[in-house]
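Below: the structure, in structure tokens.
Please treat every number below as a calculation from the coordinates, not as lab data. Remember, it's a predicted structure, so these values are computed and weren't measured experimentally. Note: ideal-geometry Cβ built from the backbone for every residue, glycine included; neighbour counts use all protein chains shown.
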Amino acid sequence: MNQTTDQSAEMSLPKTYRPEDHEQRITTRWSDADAFRADPDAVLNGDRQGYSVVIPPPNVTAALHLGHALNNTLQDVLIRSHRMMGFETLWMPGADHAGIATQTVVEKRLIAEEGRKRTDFERDEFIGRVQEWKDEYEETIKGQLLEMGCSCDWERWRFTMDDVCAKAVREAFFQLFKDGLIYRGKRLVNWDPVTQTALADDEVDNIEIDGFFYYLRYPIVDADGEPLRVALPDGSTLEHVTVATTRPETYLGDTAVAVNPSDPRWPALRDAGAHAKLPFVNRVIPVIADDYVVLPAKDPDAEGVDPKAKYASGFLKVTPAHDPNDWEIGNRHDLAAINVMAPDASISDEHGWEDVGDATVFLGLSREDARAGVVQRFDELGLLADKRDYSHGVGHSYRSHVPIEPYLSDQWYVKVTDDRLTGGAQRALNGRQRSHEGGWYKGCERGDGNPAERFDSDGTMTFYPDRYAKSYETWHDNIRDWCISRQLWWGHRIPVWRTYDPAIGRVSEAELAEGVSRWMKLARAERVAIQYRGEFVPLERVEKENLDMGAFFVCIRDPEGEDRELVEMIESEGWVRDPDVLDTWFSSALWPMSTMGWPEDTPLLDAFNPTSVLTTAREIITLWVSRMVMFNRYFKGGDVPFDDVYIHAMIQDGEGRKMSKSLGNGVDPRDIIHLHGADALRFTLCQMTTQTQDVRMPVERDEQSGKNTSPKFDLGKRFCNKLWNASRFTMMMLDEAETKLTNGQAIDSDDLSPVDRWMLSRLRSTIDTVEEALRTYQFSVYAQAMYDLMWRDFCDWYLEAIKPTVRQRPAQQAVLRAALDAILRLLHPIAPFVTEAIHEHLRATPAGDLPGVGLPDSELICQAPWPEVAGDFRDEPIESGIDRLRDLVAAVREVRAQQQVQPRRRITLHVDQPMLDEVKAGDGFVETLAGLAAVVASDPEGAASSFTFDAREFRLSDLQDESAGGSDAERERLSRQIEELEGSIATLQKRLSNPGYTEKAPAHLVEQTRNQLAGLESELDAARKSLEALQ
RNA sequence: GGGCGGAUAGCUCAGCGGCUAGAGCGCUCGCCUUACACGCGAGAUGUCGCCGGUUCGAAUCCGGCUCUGCCCACCA
């Protein structure tokens, strides 16, 4: 290994690209130049088209992981490329307060480090502690984005809870409230009895629990509660219904027993007017029929029996207040919902349960104790029919890890089922993806009698890849109203006041009425909205009529801003603010608007909303994408928040598992940056990002640092290094030239050699490929095209080919420099640092003036224009001509390798006259790349090796100093070649001997096959002769 | 249960009706060849998951299986 760095004057650049020498310095240069600042006026004046992206705000719970790195890299690629293409670009950065997730991590830390629970703090004090955590992680995240090279408009950084975003949240809430799209509802929520919080569905972990199935007998009675015996069709008599349950304690809240209508026992029960009487409670409840009930299996032990049918008794206890399905059944049959639990999940008669009867023994028990108690009491009365082992999934709080309780509770809802919201979101899809002909809604196509509105579209929003439009649509088809209240402290507090707060107690009606008339004078109609028993009441009515103040919900438009005085007044009158905060997605849903200053009418909004594209992961289509579309359209007169939605692949580990902390298979982007460089990270991620839904990244431990990494990143690292060295070489050539190019020197296109034209043609083709890939979000295609252009075309062929001539040819120097410059620009969006570092040096070298090539100088490459190469540089004849010569070179190299010819040895190629003409037309290309001393149209005099090319036999001489053997190797090579040729010939012959092919296939293909076969046959012939000659 | 992917070289992936099925890594051989050994040249490696069908022709289109993953819903 040659470790000594060559420090000669010509080669002042180190031999390897060292990211750590450049990344920080370049970040500072960008920042000093204010290079990523978006100017809305440039768009509004019509100077430039706008191109904008909002970052999906990362949660401030933790540092960014590899998924973020991927997502943000792709966004930066889009932003940087469009910036270079002349768009006025805005990349809006920021972070999300992530309500429950952040509060949870902070609570955990406080318990671990200080032994204090949340409730040991005052609300403000606790929020202060969360704020500290947020500040810390927000800085970390910003730092990571900077390290990755993200070209965000940093000064516009937003946080979902900062003043600007908070104002938008309050305004949005007020408008929705006023428009009747926010309502108070009683619903079953996932209740965490420990933290006493409602959880979102995705905050519930399903854990398999070994429990029991209990079979409880309820005596059958008539409607008046008198015992009843029901004669069944099979001749038996029924005195009890036996319900099967895993949760006996909830029987206290039962309001019906349900049976499947096709159950043979149902008609008898119905006709007898059967009811059931709950032991102890003595509540008489109806027996009803509902399809939801599973019929018991005839043979419970048979294979493949539905586990429910296996355990079912045919009777289902219905507890609407404590089970989501029972809640649905209750709605269908208009049953009462009796809540028998306190918020801590203990049995209680203070939350809606009145007919306790003899069940007072259970009051105050925890749900676990109540279960044991109920089972014991039933057993004592002979009403426990059976108890069987049963393993089933139970939802657990991801915060406190206790089983969640389906709990009837008052919550705030956004009525997303309203057509103004979900309909708007559906119609936002462009027509093509909305109807997806022949695909998604079989039997529901236009014109077949089904409502065509099904497919109505008034938008142009487009998903990439296509298939995600379907996920988006089906989700909206099944959407339910969105519960937005969370019993947390960290978040946007709900701007609603009411007169009753359990902690404070009631204020007298008289006092209230007096107060109301006072604050009413201060309140202006457009600043306050009042809901009264689900309706809206105008302020005048409140004053005139004697309404029950306790049923008022008063929403104040801007309690933290303009309406502060009003808030002070009504609070002094005894009104109390709702203690809950909003679901974190409520503020995220406003992100594309709030970050740009909505509800103010700002230039930023005018210029950049709708944004150009949202880049995100598919798991978030429902939680976030949909809600942004609903809100943006609703609040901004139908504007979609983004034109395109690009859903990127998910990164899994080598075994196809999700990367996670608990599995220890996560890769930290910071480690990759330190180990390989930011550009290596970015290039590799782009290169991996195909259109599939998952991509795998084998994870390995780096031996030196002990950090997780992946061999995949070597690709990016090597790529950067290769580019660095190709650039070093280019600049050395320009510097050492004998006839130097002068800056601005006009180049006559007649002075370009074939290989120069070839290089420009390859460049032009690659620009097309790259632009198309960007348009369709095919990042892997982009990265691969750049790899091929830089490594294969530029380094392997172009640089090698021009080595002998470039010093004497200014025109060639101009092409060389232009090619490198264009490669750097095309690559800059993927690899910003290394290209910027090289650009700093390349700028100092003279550039020629090549007609049709536009590479205007710019101090920073990040602000340089996208390369322009005129379309007529695309030259098919040149490309195929050079391709042919490359094949010839490969053929010669194969012989050289087989004959073990010293790399530096110049040998002689003997060809026929037509081939000689072709080679000459290549202007030294073949000679240079194949290591030839001469190409001649004459037979060799001494020892020679032959090979076939284009169905002809050519020879190579002067391979060896002394005519050493080597014929063994050559025989081997020829034999292998003959074998391959025979195989190929057989394939083609078979094809041609098929009459179907020659008759039906397109003529040009048949013709092509015939020519191919003829070619291969003469090649085979030549190879056989050569082999014979050796023997 | 509903929806959506994947199965092609030892590994990670391209190719999605017609080239003798490709790339990178890994492997073998030879090279410190006037930038790069994080490199250069050459080479080996495939019943394109299985079974049918359509077609002159299928890795590619259709149907059915088998594995495998993701999202959503549900879990008396």
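Structure notes:
- Stretched out straight at 0.36 nm per residue, the stretch from A:Glu560 to A:Arg893 would grow longer than its current Cα-Cα span by 112.1 nm.
- Classification of region A:214-336 by its C-alpha gyration tensor yields an oblate form. The axis ratio a/c (a ≥ b ≥ c) is 1.5 or more, and b/c is at least a/b.
- Region A:285-433 shape via C-alpha gyration tensor axes, a/c threshold 1.5: oblate
- Sorted by Cβ neighbour density within 10 Å, fewest at the top, the residues A:Ser1026, A:Ser594: A:Ser1026, A:Ser594
- For region A:582-596, 3J(HN,Hα) computed residue by residue from phi via the Karplus equation (6.51, -1.76, 1.60; θ = phi - 60°) reads 7, 3, 4, 6, 5, 6, 5, 5, 9, 3, x, 9, 4, 5, 9 Hz, glycine and proline entered as x.
- Between 0 and 90°, nearest 10: helix A:99-114 axis offset from chain A longest Cα axis: 80 degrees
- For region A:1006-1022, the Karplus equation 6.51 cos²θ - 1.76 cosθ + 1.60, evaluated at θ = phi - 60°, returns couplings of 5, 4, 4, 4, 4, 4, 4, 4, 4, x, 5, 5, 6, 5, 4, 4, 4 Hz by residue, with Gly and Pro reported as x.
- For A:Ala312, the residues 5 or more places off, or on other chains, whose built amide H falls under 5 Å of its own are A:Ala297.
- Estimated distance in nm for a label pair at A:Asp410 and A:Leu295, the labels positioned 7 Å out from Cα along Cα-to-Cβ: 4.5 nm
- Each label point was placed 7 Å from the Cα along the Cα-to-Cβ direction; for A:Glu571 and A:Asp355 their separation is 4.4 nm.
- The spacing between region A:308-377 and region A:161-220, judged by their C-alpha centroids, is 19 Å.
- Angle between chain A longest axis and helix A:876-898 axis [Cα atoms, degrees, rounded to 10]: 80 degrees
- When the charge dipole of chain A is built from unit charges on Cβ atoms (+1 for Lys and Arg, -1 for Asp and Glu) and taken about the Cα centre, the candidate among A:Met148, A:Leu663, A:Met630 whose Cα reaches farthest toward its positive end is A:Leu663.
- Here's how it looks for A:Ile338: its modeled amide H is under 5 Å from those of A:Ala321, which are all 5 or more places away or on a different chain.
- Separation of alpha-carbon centers, region A:696-736 and region A:548-588, rounded to whole Å: 57 Å
- Ranked list, fewest to most other Cβ atoms within 10 Å of each Cβ, for A:Phe949, A:Phe315: A:Phe949, A:Phe315
- Cα gyration tensor category, rounded, prolate or oblate, for chain A with a/c compared to 1.5: prolate
- Between A:Lys186 and A:Gln913, the simple spin-label model (points 7 angstrom out along Cα→Cβ) gives 10.4 nm.
- Of A:Lys717/A:Lys740; A:Lys920/A:Lys1025; A:Lys178/A:Lys470; A:Lys167/A:Lys415, those spanning more than 25 Å from alpha-carbon to alpha-carbon: A:Lys717/A:Lys740; A:Lys920/A:Lys1025; A:Lys178/A:Lys470
- Taking A:His351, A:His676 and counting other C-beta atoms within 10 Å, the order from fewest to most: A:His351, A:His676
- In chain A, taking the dipole from charged Cβ atoms about the Cα centre, the farthest positive-side position among A:Gly983, A:Met915, A:Leu763 is held by A:Gly983.
- The string of couplings for region A:355-371 from the Karplus curve (6.51, -1.76, 1.60, θ = phi - 60°) is 8, 5, x, 8, 8, 4, 4, 8, 4, x, 6, 5, 4, 5, 5, 5, 4 Hz, one whole number per residue in order, with x for Gly and Pro.
- Electrostatic bookkeeping for A:Thr709 treats Lys and Arg as +1 and Asp and Glu as -1; over the other residues with beta carbon under 14 Å from its beta carbon, the sum is -2.
- In this structure, the amide hydrogen of A:Asn665, modeled 1.01 Å from its nitrogen in the peptide plane, lies closer than 5 angstrom to those of A:Ser660, counting only residues at least 5 positions away or on a different chain.
- Rounded to 5, the percent of DSSP beta bridges in chain A classed as antiparallel: 70 percent
- Chain A: angle of helix A:123-148 to the longest principal axis, Cα-based, in degrees nearest 10: 10 degrees
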